[in-house]
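What follows is a single structure, written as structure tokens, with notes after it.
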Amino acid sequence: MVALTFKVFYDHMLDALDWKSKGKTLNDKQKEAVRFGIGPLWIIAGPGSGKTEVLVWRILKLILVDNINPKSIIVTTFTEKAGRNLADRIAQYIDCLIDKKIISFETINLADLRVGTLHSICNNVLQEYRYEAVDNKKLMNEVEQAYFVHKFSEMRKIRNDKFWNFFKKNQKKIGSWHKTKLTLTIFNRITEDLIDVNKLLKSNNSTLRTTAKHYLHYLKRLEEQMLYDFATVQKKFLEFLDCSQGQLFLNGGEEQEAIRYVLVDEYQDTNPIQELIYFRLAGGHENPLLHKSMNLKNLTIVGDDDQALYRFRGGTVELLVDFKNSCNRFLDLKPYFIQLIENYRSHPKIVDWFNEYIKNHPDIAGARAPGKKDMIASNNSPRGNYQPILVIAGDTHEETAEKVGNIIKWLKDNHKVKDDSQIVLLFRSTKETDNFAGPYVNKLRELGNDIYNPRSKKVQKFFQIQELIGAIIEIIDPTLNRSGPPGGTVFDSLTLISEQLKKFILSCKACFLALYNSNSYNELNRYVDDSINRIRGLKGEIWIKSTLQEILYKLLNLEPFISRLTNPDWAPRYSIITNLLEGYCSIYSGHLIRANNRLYLINENYTSNFYYSFCGLIVSMGLNDYEDQDMPIPKGYIQVMTYHQAKGLEFPYVFLGSLSDSLEWGNEHKIEEKFNPYRQFPSIITSSKEIRALRDGIRRFYMGISRPQIGLILFTHNKYGCVNSFGYDKNGQKRYTKEFLDSKGIFII
Amino acid sequence: MSDNFKNAPPKDYDSTKIIRSYSITSDILSYLICPRRYGFFTARKFSPSSNLQFFYGTIIHQILDKAHLHYKGLIGEKKAGTIPTDNEIEGYFDKIKRALNLHGIRSKSDQSETHALKYVKIFNKKWGPKLYPLIKDSEHSLRMNRKIKAEESKGESIDYLLKGLVDVLINSDTRSENPRDVQIWDYKGKRKPEKSSPFYQKYVFQMQVYAELYRYRHGVLPDKAVLVFINELRNPNATYEDLTIEVSLEADEISNAMEYFENVVIKIEKEYSKPFRQAWSAPEINERPDENTCNICDLRWSCPTVKGKYSIKAP
């Protein structure tokens, strides 16, 4: 293929994408980032600055101008969906170039370009090379990992409260699923923060020594079961890079291209093991024992420390802030720094608002990436002579919700939005309880709005779900809550059961019995009765032919369930139950065993596992609705989201809630701190957990206030708790005062 | 009270276009077998109750892949250029079987397991020495972005991603670097079908689409497209002709295959855009799937196509 010059490439792109006719171009900073040659490149991309566009152009430039084989390029994104979007856009642009006959059909093979999350790229490479440590093994999803830890880890069975309190913020007693969750977080953290387990085993602290032993035990159990998890796939990948096949992958060979360019998006949410992988891929040499690769140290990172969100999943924003030093350490080079400062998203007054917020907040001063400038609203961003910021302040949630509802009604009545999905409400948590999104969602529904709130964690509360789970319970533990043939119920033998779980199980059973006793569903009643009688008729402790999943499907094939499978509200929720049960059965086995005594129907262990583990997970974690990856923002619904869900998104109108949330440290900060002295490499974490938490909170608010295009509506029921979410003016005075807001022409209603 | 936004500009709604990916086996053929099953288990993401169907095919593919890697010297300390012994094949077989079982994928019977192992051993011993040195790549992944214009879909235009995974690429001429001298091979854990069988048509269709994917990737069509039917090795002396079908790669046939493929994509995309209740309906009685498909379908008891054929039995 004949390479183009940059100028020709740039002109061709403007032409092919039809930008010329619209007067659209890349701005100078974007162009500089696209054009940049070899060596490490550090792009700080503020909100709405067109970073995806820059990434796409840069990748095309590498292929068409620098003549780099797509096989030699690795691009990582934060989610699979973002990766697919990026790949789709590249493909689209290439189509445009082909249409205009600028390049020919066969020039570029996009199939060879590796785009996706780092987890998936690592996993794909390891699978491609049939790397021994993953060969024939199965990668667990999150649900399976949770069940796995719950079943196999001895750590989560530790009863000593002191042990758990060592890692936790609140010092209350916790239940068994809570312990499982914490165990998961800790194990993932040990892997992702590159904790030296040997050092941990020799710690003076007995809790840490115990944790290290349990971690090793967990890894051993994974091996035995031929499984691996998302965190360890990265660890295995690092090991792979040191073996001869890994070297072939990295440096190329006779028939193989070397890795020559690594581009990383959303670097602010990267963790230490990922950082090491990126530098290794780019030819870094932190460990002197490692071979120096042929790579040209072409690492491009894109991100914005001010928008970091994911410390609770191991994200370490400090890695971005300190990128210059890391580059020096790993690559002996200084990165070239570019900040994309033009904002194409928001009204200029919103841009001013978030600029001032982050710049003047005393608690984040000195913790931001060095040399950052203010964002500037582009000429193409929304304009208009109006005040795009409005503050809603009520004395109670109910009063505030009422006002929110009125504004939304006004926006709809006055055709300021074309579809309800152009409005979003953001909360810290979208649980529909009194303290979170509940009052707002209820009010909006009452006013006749359709709401999409997939992460409300309440799917398990619907009777339609409880009836189904209740039917399964009826078959495996029929005597529960029911007069019938004599016998005990396994339920009564559960000694460690929490009140909440007890309530849930009884409620499921009650829902089913109501259905049963209504006598409206004869086939369902017959199937359930027949099943119980047939199992009762068997002799001894034997396997029963049907699995739990088969029983679930038989139930789903019967009324009233089968009719609901064509209902858009219920089918996706039943689909979630089938996924959950599959995860459960893959770890606990779905093969029912008959009880050996006349007291119970199904083996006591089997039934109690079902209660404690299958039902336990549902109750303690709550079930979210199905989210269609292809359609994350369904048309026709007002969107209710967490701040985290809104990452990377923009909306015409953003109603921002949870403004008086505490910015105190949480478990994630404490766990990070406890393991900090045991890292394999010198740690970058030097500030206290209190300070890191405060900064994380400020970044979260910044992310929120930089989402809207046309209107930012800040709403609160607590007028005294909004200092941190409103921030300070340039003189250090609080912005949440009537005088300040008046001076800016911002109304409080 | 909302004077704030009186002068705010109205905002148009930008709908984002969904680009789905389609593969021949897991999408196109699966949809054609039964739209209802496809709708539930692929489009609406229900988890099926068992993976019974896949053990045989999976183990045959994985073990042949192992044999290829063994020959290339990519397994442990094995020297390149050696054919795995029967014992080594058994070792690989046991390991793969254990993994599949641990992950809930089981064989229908001991007999099918014995057959799988027996056939693979024969293939390895008899065909390995000739074939393995010619292997250029295995599990070769191919992708292609496609667009269906609005006038062809008789609706909105459709962008999609076509995906394929070719079992092995074989050099026709070891001295040549030309992509024209490469054959695409696909293993089937099945008997060779009669020409009149619908399976025959499906296999041919699959290979023709792979050939087009190959052309998109390498600029030329492959030299040959070959289907290998491992179960024909029940006769250990089966010849190349007994074992394989060489699929015709005439331009008009490939173009027909692609047109057929796109027509199914259009149908699937139409299902996605239908109202929820009307999408993914069961096939007409004259288009009902083969019995084996229905026998293990989790939705058979409520399926209007086979109404009354299956009754729900207690465990």
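Each reported figure results from applying straightforward, stated rules to the coordinates on display, with no laboratory input. Keep in mind that what you see is a predicted model, and the values were worked out from it rather than measured. Neighbour counts run over all protein chains shown; Cβ positions are idealised from the backbone, glycine included.
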*Under 22 Å from B:K195, Cα to Cα: lysines that are on another chain or at least 8 residues apart*: B:K224
*Which percent of Cα pairs goes in each bin when the distances of segment B:163-251 are cut into 5 angstrom slices starting at zero?*
3, 14, 24, 24, 18, 11, 5, 1
*Kindly put A:M631, B:M258, A:M703, B:M207 in sequence by how many other C-beta atoms sit within 10 Å of each C-beta, fewest to most.*
A:M631, B:M258, A:M703, B:M207
*Could you pull the Cα extents of segment B:59-106 along its three principal axes, largest to smallest, in whole Å?*
34, 17, 17
*Longest span of chain B, sites excluded, free of GluC sites (Glu not before Pro) in DSSP loop with at most 16 other C-beta atoms within 10 Å?*
B:78-155
*Mean shadow area of chain B over all directions, Cα convex hull, nm²*: 25.0 nm²
*Helix hunt in chain B: which complete DSSP H runs extend at least 15 Å axially by C-alpha with mean Kyte-Doolittle at least -0.5?*
B:55-72, B:251-273
*Looking at segment A:308-373, what % of the alpha carbon pairs are farther apart than 15 Å?*
67 percent
*Please work out the Kirkwood hydrodynamic radius for segment A:170-281, using every pair of different C-alpha atoms, and report it in angstroms with one decimal place.*
16.5 Å
*Given the pairs A:K20/A:K297; B:K79/B:K108; A:K416/A:K635; A:K416/A:K734; A:K554/B:K192; B:K79/B:K136, which span a C-alpha to C-alpha distance of over 26 angstrom in this model?*
A:K20/A:K297; B:K79/B:K108; A:K416/A:K734; A:K554/B:K192
*Nearest 5 is fine: what % of DSSP beta bridges in chain A come out antiparallel, could you say?*
10 percent
*Return A:E582, A:E80 ranked ascending by Cβ neighbour count within 10 Å, so the fewest neighbours appear first.*
A:E80, A:E582
*Would you calculate the volume per residue, in Å³, of the smallest convex hull containing every Cα atom of segment B:136-175?*
91 Å³
*Using the Cα atoms as the points, what is the convex hull volume per residue of segment A:9-81 in Å³?*
125 Å³
*For A:D529, A:D696, what's the fewest-to-most ordering of other Cβ within 10 Å of each Cβ?*
A:D529, A:D696
*Find the Rg to Rh ratio for segment B:127-215, where Rh is the Kirkwood radius over alpha-carbon pairs and Rg uses the same atoms.*
1.07
*asked:* Normalised radius of gyration for segment B:187-238, please: alpha carbon Rg relative to 2.2 N^0.38 Å, two decimal places.
replied: 1.33
*asked:* Given the -39500 (n - 2.57) contribution per DSSP H run of 4+ residues, what per-residue ellipticity at 222 nm results for the protein assembly as shown, rounded to the nearest 500 deg cm²/dmol?
replied: -13000 deg cm²/dmol
*asked:* Greater than 21 Å separation of Cα atoms is the criterion. Which listed pairs, B:K72/B:K202; A:K409/A:K647; A:K418/B:K6, meet it?
replied: B:K72/B:K202; A:K409/A:K647
*asked:* Quick check on segment A:366-406: take the gyration tensor over C-alpha atoms, sort the square-rooted eigenvalues as a ≥ b ≥ c, and tell me if it's rounded (a/c under 1.5), prolate or oblate.
replied: oblate
*Translational D in µm²/s for segment A:591-749 (Stokes-Einstein at 37 °C, 0.692 mPa s, Kirkwood Rh from C-alpha pairs)*: 159 µm²/s
*Hey, how many Å between the Cα centroid of segment B:1-79 and the Cα centroid of segment A:596-662?*
23 Å
*In a GNM of chain B with a 10 Å cut-off on Cα contacts, which of B:S302, B:S255, B:S21 has the highest mean-square fluctuation?*
B:S302
*Computed over segment A:211-275, the ratio Rg/Rh where both radii use C-alpha atoms and Rh is Kirkwood*: 1.08
*Given charges at beta-carbon only (K, R positive; D, E negative), |dipole| of the protein assembly as shown in Debye*: 2060 debye
_Between segment A:3-42 and segment B:90-132, the alpha-carbon center distance in angstrom_ = 53 Å
_Largest-first principal axis extents of the Cα set of the protein assembly as shown (Å)_ = 92, 82, 68
*In a GNM of chain B with a 10 Å cut-off on Cα contacts, which of B:R180, B:R300, B:R277 has the highest mean-square fluctuation?*
B:R277
_To check my understanding: the extent here is largest minus smallest coordinate of the Cα atoms along each principal axis. What are those three numbers for segment B:187-315, in Å, largest first?_
50, 42, 24
*Paired Rg and Dmax values of segment A:351-503, which use every Cα atom, in angstrom*: 24.9, 79
*Could you state the orientation-averaged shadow area of the convex hull built on the Cα atoms of segment B:203-269, in nm² to one decimal?*
5.7 nm²
*Which trypsin sites (Lys or Arg not before Pro) from segment A:23-88 combine a DSSP loop assignment with at most 11 other Cβ atoms within 10 Å?*
A:K24
*Select from A:G622, A:S658, A:P632 the residue farthest towards the positive end of the dipole of segment A:606-671; place +1 on Cβ of Lys and Arg, -1 on Cβ of Asp and Glu, and compute about the Cα centre.*
A:G622
*How big is segment A:32-141 by Rg and Dmax over its Cα atoms, in Å?*
15.8, 47
